[in-house]
Amino acid sequence: ILLMGQRSGRQEISKKPEVVLSEIMEAEIEVQSNKEETQEVKPKNQKLMSVFGVADLKNAAVGLYNLGQSCCLNSLLQVFLMNIRFTRILRRITVPLSPAQRRSNVPYQMLLLLEEMQCGKCKAVGPTELARCLAEHRVKLFVQHDAAQLFLTLWNLLKKQMKKPELVEELSDLYMICIQEHLACQKCSLETKSNSTMLTLPLPMLDANSYRLKTLEDSLRYFFNPEELTGQNMCFCQQCGRKTTFLQSTKLVHLPQILTLHLKRFYFERSSCTYKLSHSLPFPQELDLRKVLTEDQCLADDREKATWQYQLFAVVAHSGSTSFGHYCAYVWSLTECKWYCFNDSEVCQVSRVRHVSFAPSWTLLQVSSSLTGC
Ligand SMILES: [Zn+2]
């Protein structure tokens, strides 16, 4: 999962090298010794500093103990809790009245965990109560999760249990992507349009001919490319009264402050086996959707599009195979101007995020925005 945040309208050329995903998870672990580099990136992120990072944390980054295959949950929690915009919402929830309600309230348990991470003197804490609370809501423990799926589950539970409508709205503003889907009959004039929202953009790793897509931008373009539904995929046209070829297209309407991209690294064989596509897919530190997509692929005015500039904020990465593996979260701390790698209870600084392997449908990249327009 790539998590990206909207940035300010300023045009700046990234001095950071491109982030590259390869087959092996191999984040370079380096103690930040180059002070110049740290100072260099600071002014650039000043606006973002008030949005994200461990500024919210008095003790800097704190790990989470693995409770037994809870690395996926831990990674997603770090991505949520390192995001000040999210924690600002979390801090305003209504505390449930009864102890039983408090035990089963996901936002409340998440808030307690955040408090524990901030107030304690430990290098890591155990998310035991939150995990137990999630188990009450049928989120299985001790199994390997799909990060994109678990992200959606957590988000739905948060939204459902936050109660206050204004908080739910803010949560949607933070993460919800709006798209419009078009379906046009190629034999007549019939065209249907439907609006929908998504929490993540599920991006392909391969094109229709099973060729590897070269970059994240290629993958984004491919996702928004119209697709002709022919042969077995033909749809019934009410106007033509028979199955015809349709042109299906997705248009981007609105992007949230935190854009979550999900690389679909799963591959189904006819034998019903699932494989992981572990080839590398380079992704940039900065992403400008206006430059990636064509006019036809968007359904937004200039004001909306002006916010479509992002900086890489977090990566939830999986190493290993489809049945065995491990998750880590890489999160950019804007207060400290450095990347952290959260590997359960182990937290370390990494010089940059690259060579990260992604698993079948378990890849989340988050990009974040600045305070533009706020
Ligand atoms: Zn038709």
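The values are calculated or read from the model by the stated rules, or taken from the named source; none is laboratory data. A quick note: this is a predicted structure, and the numbers were derived from the prediction, not measured. Here the Cβ positions follow ideal geometry from the backbone for every residue, glycine too, while neighbour counts run over all protein chains shown. The area values use the complete protein model at the heavy-atom level, side chains included, leaving out ligands, DNA and RNA. Shrake-Rupley method; radii C 1.70, N 1.55, O 1.52, S 1.80 Å.
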If amide H atoms are modeled at 1.01 Å from N in the peptide plane, then the residues at a separation of 5 or more from Y267, or on another chain, having amide H under 5 Å from its own are Y275, L277
Grab the beta carbon distance between S196 and K123, set R0 = 35 Å, and tell me the FRET efficiency rounded to 0.05.
0.25
At R0 = 41 Å the Cβ-Cβ FRET efficiency linking S210 and S345, nearest 0.05, sits at 0.55
Charge dipole (debye, nearest 20) of region 204-253; +1 at Cβ of Lys and Arg, -1 at Cβ of Asp and Glu:
120 debye
Cβ-Cβ FRET estimate between R303 and S172, R0 fixed at 30 Å, reported to 0.05
0.95
Taking the simple approach of a point 7 Å from Cα along Cα-to-Cβ for both R290 and V95, what is their distance in nm?
4.5 nm
Which residue, F236, L206, Y267, has the largest displacement toward the positive end of the dipole of region 184-269 when charges sit on each Cβ (Lys, Arg +1; Asp, Glu -1)?
F236
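Taking 20 Å as the cut-off for C-alpha to C-alpha distance, list the pairs among K123/K338; K264/K291; K251/K305; K214/K251; K163/K251; K159/K338 that go past it.
Result: K264/K291; K214/K251; K163/K251; K159/K338 exceed 20 Å.
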Compute the Cα gyration tensor for region 161-320, then decide on rounded, prolate or oblate, letting a ≥ b ≥ c be the square roots of its eigenvalues: rounded whenever a/c is under 1.5, prolate when a/b is larger than b/c in the other cases, and oblate in all that remain.
oblate
Modelling each spin label as a point 7 Å along the Cα-to-Cβ direction, I'd like the E228/T274 distance in nm, to one decimal.
3.3 nm
Apportionment of accessible area to carbon and sulfur, region 191-344, percent (1.4 Å):
47 percent
Would you please classify the overall shape of region 221-284 from the alpha carbon gyration tensor, given that a ≥ b ≥ c denote the square roots of the eigenvalues, rounded means a/c under 1.5, and beyond that prolate means a/b larger than b/c while oblate covers the rest?
oblate
With N residues in region 66-177, Rg(alpha-carbon) / (2.2 N^0.38 Å) equals 1.01
How many angstrom lie between the Cα centre of region 144-172 and the Cα centre of region 243-300?
22 Å
How far is it, in nm, from the label point at C188 to the one at K163 when both lie 7 Å from their Cα along the line to the Cβ?
5.2 nm
